[in-house]
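Novice: Mind looking over this structure? Questions follow.
The values are calculated or read from the model by the stated rules, or taken from the named source; none is laboratory data. All of these numbers come straight from a predicted model, not from anything done at the bench. As a convention, Cβ positions derive from the backbone with ideal geometry for all residues, glycine included, and neighbour counts pool all protein chains shown.
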């Protein structure tokens, strides 16, 4: 009997494959536990291996393989972008930041180890990301490698992810002043989450040697799913299941923080996310079924339960 | 009247020049304070501008210009390595690490701002370092840029600087077990401080397109001054002047921590440092007076008062 597999089945397979590949890659590339390195290596491995949806590596590899890049090469670049994502979660969870106790269904790193180790393991994971990208094993072309470094650094520093986190802290402090309207929240989320999701797609295009002028449709796709992702995140925080999420929810409401849900209401937020997914898929109209993973990923981003 | 200027005068001039150049470069390259970016940009600038000896940029630029590299290019790479040094100081000073109140004669970043801002400003300064190196303005040759990234990342992550900091924390915890003998302390310091000083020299050689086999003498020089630097640091911590240092001293003895001074005694530590400086200078014997800055720097490293 022939089973017709739709994009969702395809995505499940692709997602399981990238999750295994990223775990294997972290396991091979992260420092081995041994003598005095034990604790640092263990902490990096605890945080990096065996958790997370690996959405950024999947976005990267789906974009890269769509344009003929080998899976191995995409996994190395995906390991780098995921290392940055993991480092940002470790630091966000710290007592002086969000003070979270659970992440991916297990104690956060500073709870399982200690605060100093969590700061240092996060620092080392950021460095690790750039070390992996700079290694010739990622690409034999030094121009490709340096463009990967430049894109990842540009998306994650003081003009990207870290700025978004900083604005998020300011948002909690300034909530009562009413300054946080929809454009401000959109901008904050664009820095905090969108920039790295866009970098994932961009890095896939760089690996594929796509010229910048040939990336416009991919950037449109990435921009749309980045915003959809954050709206879905706010909906999950408001309505989701803590056990499925593996972390504490309802934190935004408790903190009185402005989100897409508080500003738009759940119904309009849901409609907005659905519209963004349609837009994302439209940006892919030049491709046939070979882009079904990217299409399914766009839908998954708003339909996910964790 | 002709004044004969010796290497020390030369060094003073070179040092003042690189200090001005690094401040100017940070000022030009770090994000501007503006709207919601104010606090993050201000924190990065507070920590990065107007403090520190800029030893690593001076080592890098002295090595690079000795081999014909322009000063501007050396300053950009020097800005990157100094950004990593600054980020490591910010995180080392955090309450969960060394809990220091003063740095370069002013309150540490988490005291002047807050802990979350200090974590994020440190994170963003690390990213900034790789962003500066990846920019074509640092070198028009992508291979040079990616080798700079690779060298800096290799020296500062889980096999370098951060590992050294982690071992340092373990050293404080394990002091009573008597495990910290001279080889262990030497290895710890090699990771914590030596690796970045060596990277400074290596990055200068990369900018100059020196082939790896032509760098052996420079690596010998860098290795010797790296160890001499740390012995001198331990001597300063034991015997130095807090006002000149701009930070708290006597911390090692108070923590009961093993150092070169506690293990060797001050006299033998001083003799060991002097011998290392002689070795460093010997590695430069192929050069004439054009290497006097590197020679003077080797002497400065053990004779400095802060």
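Novice: Somewhere in the stretch B:173-180, is a residue surrounded by fewer than 24 Cβ atoms within 10 Å (Cβ to Cβ), at positive phi and more than 12 Å from every other protein chain (Cβ to nearest Cβ)?
Specialist: Among the residues of the stretch B:173-180, at least one is surrounded by fewer than 24 Cβ atoms within 10 Å (Cβ to Cβ), at positive phi and more than 12 Å from every other protein chain (Cβ to nearest Cβ), which makes the answer yes.
Novice: Another question, then. Given the conditions (1) within 27 Å of residue A:153 (Cα to Cα); (2) without any contact (Cβ under 8 Å) to a residue 12 or more places away in the chain, which single one is not true for residue A:242?
Specialist: Result: residue A:242 fails condition (1) only.
Novice: Now for a different question. Mind listing whichever residues of the stretch A:85-115 are facing chain B (nearest Cβ under 9 Å), touching a residue at least 24 places away in the same chain (Cβ under 8 Å) and not in a loop (DSSP other than H, G, I, E, B)?
Specialist: Across the stretch A:85-115, the qualifying residues are A:87, A:88, A:91.
Novice: Residues A:169, A:206: which one is over 20 Å from residue A:297 (Cβ atoms) and either in contact (Cβ under 8 Å) with a residue 40 or more places away in the chain or assigned to a helix (DSSP H, G or I) (or both)?
Specialist: None of the others qualify; the one that does is A:169.
Novice: Scan the stretch A:75-84 and tell me whether some residue there is more than 14 Å from chain B (Cβ to nearest Cβ), out of contact with any strand residue (DSSP E or B) (no Cβ under 9 Å at 6 or more places or on another chain), over 30 Å from residue B:139 (Cβ atoms) and part of a helix (DSSP H, G or I).
Specialist: Checked the stretch A:75-84: no residue is more than 14 Å from chain B (Cβ to nearest Cβ), out of contact with any strand residue (DSSP E or B) (no Cβ under 9 Å at 6 or more places or on another chain), over 30 Å from residue B:139 (Cβ atoms) and part of a helix (DSSP H, G or I).
Novice: May I pose another question? Quick one: which of A:9, A:24, A:5, A:63 is modelled with pLDDT of 90 or more and more than 19 Å from residue A:306 (Cβ to Cβ)?
Specialist: Matching residue, one of A:9, A:24, A:5, A:63: A:63.
Novice: Out of all the residues in the stretch A:253-265, is one or more without any contact (Cβ under 8 Å) to a residue 60 or more places away in the chain and crowded, with 16+ Cβ neighbours inside 10 Å?
Specialist: Yes: one or more hits.
Novice: Test residue B:124 against the stated conditions and say whether it is assigned to a helix (DSSP H, G or I), facing another protein chain (nearest Cβ under 10 Å) and surrounded by 22 or more Cβ atoms within 10 Å (Cβ to Cβ).
Specialist: yes
Novice: On to the next question. For residue B:215, are the conditions met, namely being under 24 Å from residue B:297 (Cα atoms) and modelled with pLDDT of 90 or more?
Specialist: The answer is yes for residue B:215.
Novice: Still on this structure: Checking residue B:42 against (1) surrounded by fewer than 22 Cβ atoms within 10 Å (Cβ to Cβ); (2) away from every other protein chain (no Cβ under 14 Å), which single condition isn't satisfied?
Specialist: With (1) surrounded by fewer than 22 Cβ atoms within 10 Å (Cβ to Cβ); (2) away from every other protein chain (no Cβ under 14 Å) applied to residue B:42, the lone miss is (2).
Novice: Something else about it: Would you mention how many residues in the stretch A:136-158 are touching a residue at least 24 places away in the same chain (Cβ under 8 Å) and facing chain B (nearest Cβ under 7 Å)?
Specialist: 2
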